[in-house]
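The values are calculated or read from the model by the stated rules, or taken from the named source; none is laboratory data. What you see is a predicted model, and the numbers here were worked out from it, not measured in a lab. Methodologically, a virtual Cβ is constructed for each residue, glycine included, from the backbone with ideal geometry; neighbour enumeration extends over all protein chains shown.
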Protein chains: 2
Amino acid sequence: MYQINNKEYNCSLAVSLDIFNDKWKLYIIWQLLSGEKRFKSLNQNIGEISQKTLCIKLKELEEKNIIYREAFAQVPLKVVYSLSPVGKELKDVLDDMHRWGKHYVKTHGKIT
Amino acid sequence: MYQINNKEYNCSLAVSLDIFNDKWKLYIIWQLLSGEKRFKSLNQNIGEISQKTLCIKLKELEEKNIIYREAFAQVPLKVVYSLSPVGKELKDVLDDMHRWGKHYVKTHGKIT
DNA sequence: CCGTATCCTTAGAGATACTG
DNA sequence: CAGTATCTCTAAGGATACGG
């Protein structure tokens, strides 16, 4: 049995699936794998995500210590997000998912 | 650009994330990785999934050709689910997620 | 045993407007 | 620029009962 923030899991896979059981977190990680990014950049480069949802997801990822947030005292404001060590270790997962998607499209979809 | 069932994606990762953007599909794959399973077995072994939801998710996976469904003309009925070739190729993804979850728990949770 | 059919409840997410 | 605050809506999922 595993416990994180008073939540119980009977398998460590359940931990991952629970954390990333939403529409956007893995997209955000994917963006950050290529280097730290500002809020605006994420908002523009991640499909159709709304500002509000992006805020919420970034906060959740920061609370879980998967990403870091660094704010600069400037006007206009500058905030930079980057992957923590444990966040960087998601690279394998995302590479595999990317590869699988490519393979799935090749056999079951169209490339235009 | 990729197209599957009249849905457009600009990245093959988006394909994977869209397919598995729900609470249960990857759990089902995880179960089936250890061999074919009957409906009841899945229903009992996958956390708190309801019968209705399991039905829906199995159907979706079958339509996407990720799992196979085989029904035996018996009374009582017997139905067996198994992974298709492209379904089996999700093993890497799930192994990585499992490994990451284990690592995350070690550094951010408790093991009881 | 393996599902369907309803009904119902909530969390996730979008749109828009506003603030430090 | 980087967020909050509302307000709204929909689809995912659960509970329960029924059917082949």
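Those residues that are in contact with a Phe, Trp or Tyr (Cβ under 8 Å, 6 or more places away or on another chain) and within 14 Å of DNA strand D (Cβ to nearest atom), I need them from the stretch B:29-63; list them, please. Step through it out loud before you land on a result.
At the first step, the residues of the stretch B:29-63 found to be in contact with a Phe, Trp or Tyr (Cβ under 8 Å, 6 or more places away or on another chain) are B:32, B:36-39, B:42, B:46-47, B:49, B:53-54, B:57-58, B:62.
Matches in the stretch B:29-63: B:R38, B:F39, B:L42, B:I46, B:G47, B:I49, B:T53, B:L54, B:K57, B:L58.
For A:K78, state whether it is touching a Lys or Arg at 6+ places or on another chain (Cβ under 9 Å), touching a residue at least 24 places away in the same chain (Cβ under 8 Å), over 27 Å from A:V15 (Cα atoms) and of a type in the set (D, E, K, R). Full working, then the answer.
Working: touching a Lys or Arg at 6+ places or on another chain (Cβ under 9 Å): yes; touching a residue at least 24 places away in the same chain (Cβ under 8 Å): yes; over 27 Å from A:V15 (Cα atoms): yes; of a type in the set (D, E, K, R): yes.
In short, yes.
Return a yes/no flag: does the stretch A:70-90 have any residue that is within 13 Å of DNA strand C (Cβ to nearest atom) and buried (at least 16 other Cβ atoms within 10 Å of the Cβ). If you could, list the steps in order and put the result at the bottom.
Let us first name the residues in the stretch A:70-90 that are within 13 Å of DNA strand C (Cβ to nearest atom), namely A:71-79.
Going one step further and asking which of them are buried (at least 16 other Cβ atoms within 10 Å of the Cβ), we end up with none.
No, because not a single residue in the stretch A:70-90 is within 13 Å of DNA strand C (Cβ to nearest atom) and buried (at least 16 other Cβ atoms within 10 Å of the Cβ).
Of the conditions (1) under 21 Å from B:L26 (Cβ atoms); (2) surrounded by fewer than 16 Cβ atoms within 10 Å (Cβ to Cβ); (3) at pLDDT 95 or above; (4) not hydrophobic (A, V, I, L, M, F, W, C), A:E8 satisfies every one except a single condition; which number is it?
(3)
Filtering the stretch A:55-66 down to residues that are within 17 Å of A:I4 (Cα to Cα) and surrounded by 13 or more Cβ atoms within 10 Å (Cβ to Cβ), which residue is nearest to DNA strand C (Cβ to nearest atom)?
If we take residues in the stretch A:55-66 being within 17 Å of A:I4 (Cα to Cα) and surrounded by 13 or more Cβ atoms within 10 Å (Cβ to Cβ), then A:E60 is nearest to DNA strand C (Cβ to nearest atom).
What about B:G35, is it touching a Ser or Thr at 6+ places or on another chain (Cβ under 8 Å) and surrounded by fewer than 16 Cβ atoms within 10 Å (Cβ to Cβ)?
yes
Which of the residues belonging to the stretch A:22-56 are free of Cβ contacts under 8 Å to residues at least 12 places away in the same chain and either more than 19 Å from B:D22 (Cα to Cα) or touching an Asp or Glu at 6+ places or on another chain (Cβ under 8 Å) (or both)?
Within the stretch A:22-56, A:S34, A:K40, A:S41, A:N43, A:Q44, A:S50, A:Q51, A:K52, A:C55 meet the criteria.
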